[in-house]
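J.: Starting off with a structure, shown below.
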Amino acid sequence: MKRLSPFFIFAVVLLFFSTSPVFAQAQVRVRIIEASNAGSVVDPSLGDVHRDLAALFSFTSYRLLKDVNLNLVGNRPIEVLVHPGRSMEVTLIGGYRRLTELRIRIKREGVPILSTNVKLAAGRAILIGGPRHGEGTIIFAVSARF
């Protein structure tokens, strides 16, 4: 029984550290996309997310408005201006073995109108529908590297 105890303790400690949050750093890419039904042009730089855009949204045209790379550090929000009066705040709230957890807030005139937490696997993107813009709507594509 004594031989099992050290192994058991080691296994429990290993399990604890492999699932505990790590507040390190993460590189996050935020792409701000204007989606509309004016035309049928898809910005070539959106090739990696075009299939997901078409599956989730019923627009015919997708144009990249802004592409921002953020270097996030635990619990320090970074704000990205979408257009006057609208912004997106991104905060790294946790990191796990193969996931990064972010808090995303969409703000209008500084007041949050959407707040959500997402977990991202490296190299994967999430799409968030946003406010109206011009003839269409803003869509956010958020991806992480860590």
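J.: Report yes if Ala144 is in contact with a Leu (Cβ under 9 Å, 6 or more places away or on another chain), among the small types (Gly, Ala, Ser) and more than 22 Å from Phe57 (Cβ to Cβ), otherwise no.
T.: No; evaluated as a whole, the condition is false for this residue.
Condition check ((1) surrounded by 15 or more Cβ atoms within 10 Å (Cβ to Cβ); (2) in contact with a Cys (Cβ under 9 Å, 6 or more places away or on another chain); (3) at negative phi; (4) small (Gly, Ala, Ser)) across all residues:
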{"position": "Leu53", "(1), (2), (3), (4)": "yes, no, yes, no"}
{"position": "Phe57", "(1), (2), (3), (4)": "yes, no, yes, no"}
{"position": "Tyr62", "(1), (2), (3), (4)": "yes, no, yes, no"}
{"position": "Leu72", "(1), (2), (3), (4)": "yes, no, yes, no"}
{"position": "Ser87", "(1), (2), (3), (4)": "yes, no, yes, yes"}
{"position": "Arg98", "(1), (2), (3), (4)": "no, no, yes, no"}
{"position": "Ile106", "(1), (2), (3), (4)": "yes, no, yes, no"}
{"position": "Gly110", "(1), (2), (3), (4)": "no, no, no, yes"}
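J.: While we're here: What strands (runs of 3 or more DSSP E) completely inside the range 66-128 contain at least 1 residues that are basic (Lys, Arg)?
T.: Ranges flagged: 86-95, 99-108, 111-121.
J.: Report yes if Ala125 is within 8 Å of the chain's Cα centre (by Cα), small (Gly, Ala, Ser) and at pLDDT 95 or above, otherwise no.
T.: no
J.: Which ones in the range 33-56 are hydrophobic (A, V, I, L, M, F, W, C), within 18 Å of the chain's Cα centre (by Cα) and part of a loop (DSSP other than H, G, I, E, B)?
T.: Val49
The values are calculated or read from the model by the stated rules, or taken from the named source; none is laboratory data. Just so it is clear, the model here is predicted, and its values are computed rather than measured. Counting neighbours? That spans all protein chains shown, and the Cβs are built from the backbone with ideal geometry, glycine included.
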